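Comments concern the structure below.
The values are calculated or read from the model by the stated rules, or taken from the named source; none is laboratory data. Everything numeric here is computed off the predicted structure, so don't read it as measured data. We place every Cβ from the backbone using ideal geometry, glycine too, and count neighbours over all the protein chains shown.
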Amino acid sequence: MKKGYTEFKINAILWVMRLFSRLPLKFHYFCGDVVSWFMKNILHYRKNVVITNIARSFPEMTYQDVRNTVSGFYRHLGEIFAEAIWFSGADYRKIHGSRICEITNLEVLNQAYSTSPSVTVLFSHCGNWELIGGLWCYNYNPDVEYPGDENCIRVVYKRLHDTVWDEVFKRNRCHPIKTGFDGEIESNMILRYAIKHKDTKYVYIYPTDQYPYATSHDAGLFLNQPTKVMIGSAALAHKLGMSVMYLRMKQVSRGHYQMTFVPICSDASAMEPEAIMGKYLELLEEDIRETPYNWLWSHKRWKHL
């Protein structure tokens, strides 16, 4: 009975989201602006966490710079909310036609895929990570094809505590792909999955900037703060000799992102996992410093401090 009720709630939420997704994206951005204003000024959603994280990461910022970055972050958080709702009911044609996201160098992924047992892609909470499920919609170069097919993508995710919202977000990220993408794997299952399928070529995508376990690797200073990082993704790539790259996601303007694949190594077995993650953090910090608002500052990344 409880399982049936949970499934009913999940389907009801998705049905409402997909009903609203039929409205124009501009309407969703208007709603997103309202939501961001409400979160910042009324709910004060994790505002102390956001301010503290930004101020510690950029000690050179003036108070006004910090305030501007905080405002930019909440505005972008509203955009993420708006785009996720719109994305929930969009099909391949709608997503591709919107050009909401564009891959700038798909040939780099193709090269890695053709020469490696599998590919590990290290992703972050920059841009809008909720759009990652539409990866197969974002190529606008007719001369470059995707590697393999859409079934070669495996996105690793960390389960949310709330069962209903965990399933809602999971299905929402998978919805738009042409053939019904179903390639999300829980983080605690990825080791077993990758070893079991080591003879099958996949592109594994990991969001790797979450709060780490207490026993995680000490990575030194990241954004001016002592930082721990989980190295499981790099260790698995090292064990299986995968190529590794960083997926950069920049917001060019409202409603348009660019994805760029940045190679880290062509054979992870020749590079220590700690060095791989160190390079990843270096690239991520470059991106955050370039556009400080474009990261999930509300995440309690350094709560162990």
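May I ask you to verify whether S298 is in contact (Cβ under 8 Å) with a residue 60 or more places away in the chain, of a type in the set (S, T, N, Q) and out of contact with any strand residue (DSSP E or B) (no Cβ under 8 Å at 6 or more places or on another chain)? Give the steps one after another, and end with the answer.
On the way: in contact (Cβ under 8 Å) with a residue 60 or more places away in the chain: yes; of a type in the set (S, T, N, Q): yes; out of contact with any strand residue (DSSP E or B) (no Cβ under 8 Å at 6 or more places or on another chain): yes.
Against the criterion (in contact (Cβ under 8 Å) with a residue 60 or more places away in the chain, of a type in the set (S, T, N, Q) and out of contact with any strand residue (DSSP E or B) (no Cβ under 8 Å at 6 or more places or on another chain)), S298 qualifies.
What is the residue count in the stretch 263-282 for residues that are touching a residue at least 24 places away in the same chain (Cβ under 8 Å), more than 15 Å from the chain's Cα centre (by Cα) and under 20 Å from V229 (Cα atoms)? Outline the logic, then answer.
Taking the stretch 263-282 and keeping what is touching a residue at least 24 places away in the same chain (Cβ under 8 Å), we get 263-264, 266-269, 271-274, 276-281.
Then drop every residue that is not more than 15 Å from the chain's Cα centre (by Cα), which leaves 263-264, 266-269, 271-274, 276-279.
With the extra rule that they be under 20 Å from V229 (Cα atoms), the set shrinks to 263-264, 268-269, 271-274, 276-279.
Count: 12.
In the stretch 67-78, how many residues are in contact with a helix residue (DSSP H, G or I) (Cβ under 6 Å, 6 or more places away or on another chain) and surrounded by fewer than 20 Cβ atoms within 10 Å (Cβ to Cβ)?
Counting residues in the stretch 67-78 that are in contact with a helix residue (DSSP H, G or I) (Cβ under 6 Å, 6 or more places away or on another chain) and surrounded by fewer than 20 Cβ atoms within 10 Å (Cβ to Cβ) gives 1.
For the stretch 58-80, what are the residues that are β-branched (V, I, T), without any contact (Cβ under 8 Å) to a residue 24 or more places away in the chain and in a helix (DSSP H, G or I)?
The first filter runs over the stretch 58-80 and keeps only residues β-branched (V, I, T), leaving 62, 66, 69-70, 80.
Imposing the further condition that a residue be without any contact (Cβ under 8 Å) to a residue 24 or more places away in the chain reduces the set to 62, 66.
Correct list: V66 only.
Which ranges mark the strands (runs of 3 or more DSSP E) fully within the stretch 81-190 that have 2 or more residues being closer than 25 Å to H299 by Cα and modelled with pLDDT under 95? Working first, answer last.
Details: elements: 101-103, 119-123, 153-157, 184-186.
By residue number, 153-157, 184-186.
Within the stretch 13-35, track down each residue that is assigned to a helix (DSSP H, G or I), of a type outside the set (D, E) and modelled with pLDDT of 90 or more. Walk me through how you get there before you give the answer.
First, pick out the residues of the stretch 13-35 that are assigned to a helix (DSSP H, G or I): 13-20, 25-35.
Restricting the remaining residues to those that are of a type outside the set (D, E) gives 13-20, 25-32, 34-35.
Once the filter is applied, which keeps residues that are assigned to a helix (DSSP H, G or I), of a type outside the set (D, E) and modelled with pLDDT of 90 or more, the stretch 13-35 yields L25, K26, F27, H28, Y29, F30, C31, G32, V34, V35.
When only residues in the stretch 1-56 that are surrounded by 13 or more Cβ atoms within 10 Å (Cβ to Cβ) and hydroxyl-bearing (S, T, Y) count, which is nearest to L223 (Cα to Cα)?
Ranking the qualifying residues of the stretch 1-56, first place goes to T52.
Can you tell me which residue within the stretch 284-305, out of those that are of a type in the set (A, V, I, L, M, F, W, C) and either in a loop (DSSP other than H, G, I, E, B) or surrounded by fewer than 18 Cβ atoms within 10 Å (Cβ to Cβ) (or both), is farthest from the chain's Cα centre (by Cα)? Can you show your working first?
Applying the first criterion (of a type in the set (A, V, I, L, M, F, W, C)) to the stretch 284-305 yields 284, 288, 295-297, 302, 305.
Retained after the next criterion (residues that are either in a loop (DSSP other than H, G, I, E, B) or surrounded by fewer than 18 Cβ atoms within 10 Å (Cβ to Cβ) (or both)): 295-297, 302, 305.
Working: W295: 10, L296: 10, W297: 14, W302: 19, L305: 24 Å.
Taking the candidates together, the pick is L305.
List the number of the failed condition for E60; all other conditions in (1) exposed (fewer than 13 other Cβ atoms within 10 Å of the Cβ); (2) farther than 30 Å from I264 by Cα hold.
(2)
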